[in-house]
Amino acid sequence: MELLRTPEERFADLPDFPFTPRYLHVVDPDSGERSIRVHYLDEGPTDGPLVLLMHGEPSWCFLYRKMIPTLVASGFRCIAPDLVGFGRSDKPVLRSDHIYARHVEWMRDALLEQLQLNNINFFGQDWGGLIGLRVVAENVDRFSRIIVANTGLNTGDREPTDSFLKWREFSQSIPEFPVGAIINGATTTDLSPEVIAGYDAPFPDESYKEAARILPTLVPAYPDDPAAQANRDAWVVLETFGRPTLTAFSDRDPVTAGGERAFQFKIPGAFGQPHVTIEGAGHFLQEDQGPQLASIIASFILTS
């Protein structure tokens, strides 16, 4: 597998991002060796309650810079990985290298086998949920709680929304994939040029964006999608998950609007929980209401 690695100077002077980069390696399916570098953050007391923060597409762990300080101040340890193909993690150059099941396996290898995480309070948004919830379902004893925001675990058994289909078409047709502008357009706040540049930092040119390009097409949209059955199997497990589960979707995300209901009605641990709607927030609610979202997560973990 041919890989690209973003030059480190691209990450100089990131705004409000004083965190120490950490690295490990996951398995390259061609060689069978752990040669794909994965970046992650590990902030806060090592003996504090663990919160796993998983980003989606086309963002990276920079998305959590407004939330980590609030969580750490409340005594939590925060692990925030960059998915393969994003952030400081290595970037396979072929779109065909990016397979849904492979991304699940890479995160399982990194987070569970190598970091040996247990008693995990999971938070996932966008593809952080699509990948992370598969890791949860396939390793359910490692997880204490689930918190989800603006995400889903699609099986292709329901018609995709027009908003999602338009996004998928855009991702495949636009000549240059404007990562920072996409994130700015999916927030209710107007991001500064420095923050937009922070989201563009991992991608010096289009050759670095193959994961960002292809992931919208890997969301199961139809029943015979290659990942559809694995996601159905994951739902079978989640429908028996009795540990505390919270939804914290935003009020201004047309792509995932209403998606919280599946979690609230299907997962036993979600019954009777204080589900919240984050007001004044778009798809990337971590940008729009990060400290508020972090406080909600902290309160839920400490009281449930």
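The values are calculated or read from the model by the stated rules, or taken from the named source; none is laboratory data. Source: prediction; values computed, not measured. Ideal geometry is used to build each Cβ from the backbone, glycine not excepted, and the neighbour counts take in all protein chains shown.
Just a few scattered comments:
- Which numbered condition D126 misses (of (1) over 16 Å from I36 (Cα atoms); (2) in contact (Cβ under 8 Å) with a residue 40 or more places away in the chain; (3) of a type in the set (D, E); (4) out of contact with any His (no Cβ under 9 Å at 6 or more places or on another chain)): (4)
- Among the residues making up region 6-15, those that are in contact with an Asp or Glu (Cβ under 9 Å, 6 or more places away or on another chain) and either assigned to a strand (DSSP E or B) or surrounded by fewer than 16 Cβ atoms within 10 Å (Cβ to Cβ) (or both) are D13, P15.
- Candidate set from region 199-225 (those that are closer than 17 Å to S96 by Cβ, of a type in the set (D, E) and assigned to a helix (DSSP H, G or I)); member that is farthest from the chain's Cα centre (by Cα): E206
- If you go through region 82-101 and pick out every residue that is crowded, with 19+ Cβ neighbours inside 10 Å and of a type in the set (K, R), you end up with 2.
- Residue match in region 180-196 (condition: part of a helix (DSSP H, G or I), touching a residue at least 24 places away in the same chain (Cβ under 8 Å) and surrounded by fewer than 18 Cβ atoms within 10 Å (Cβ to Cβ)): yes
- Some residue of region 1-20 being more than 22 Å from P204 (Cα to Cα), at pLDDT 95 or above and in contact with a helix residue (DSSP H, G or I) (Cβ under 8 Å, 6 or more places away or on another chain): no
- Restricting I79, I68 to those that are among the β-branched types (V, I, T), out of contact with any Cys (no Cβ under 8 Å at 6 or more places or on another chain), buried (at least 16 other Cβ atoms within 10 Å of the Cβ) and at pLDDT 95 or above reduces the list to I79.
- So E33, is it surrounded by 24 or more Cβ atoms within 10 Å (Cβ to Cβ) and among the charged types (D, E, K, R): no
- Candidate set from region 229-268 (those that are under 19 Å from the mean Cα position of the chain (by Cα) and in a helix (DSSP H, G or I)); member that is surrounded by the most Cβ atoms within 10 Å (Cβ to Cβ): F263
- Test: L41 is farther than 26 Å from P220 by Cβ, under 15 Å from the mean Cα position of the chain (by Cα) and not aromatic (F, W, Y): yes
- Test result for A73, free of Cβ contacts under 8 Å to residues at least 24 places away in the same chain and closer than 21 Å to D288 by Cβ: yes
- Complete set of residues in region 120-165 that are among the hydroxyl-bearing types (S, T, Y) and either modelled with pLDDT of 95 or more or under 16 Å from V104 (Cβ atoms) (or both): S144, T151, T155
- Look at region 91-120: where a residue is without any contact (Cβ under 8 Å) to a residue 12 or more places away in the chain and closer than 15 Å to R34 by Cβ, no partner that is assigned to a loop (DSSP other than H, G, I, E, B) and charged (D, E, K, R) sits 6+ places away or on another chain with Cβ atoms under 7 Å.
- Look at (1) of a type in the set (F, W, Y); (2) surrounded by fewer than 15 Cβ atoms within 10 Å (Cβ to Cβ); (3) in contact with a Lys or Arg (Cβ under 8 Å, 6 or more places away or on another chain) and you find that F300 fails only one, number (2).
- E43, sole failed condition from (1) surrounded by fewer than 17 Cβ atoms within 10 Å (Cβ to Cβ); (2) in contact with a strand residue (DSSP E or B) (Cβ under 8 Å, 6 or more places away or on another chain): (1)
- All positions within region 242-254 that are out of contact with any strand residue (DSSP E or B) (no Cβ under 7 Å at 6 or more places or on another chain) and closer than 23 Å to V136 by Cα: G242
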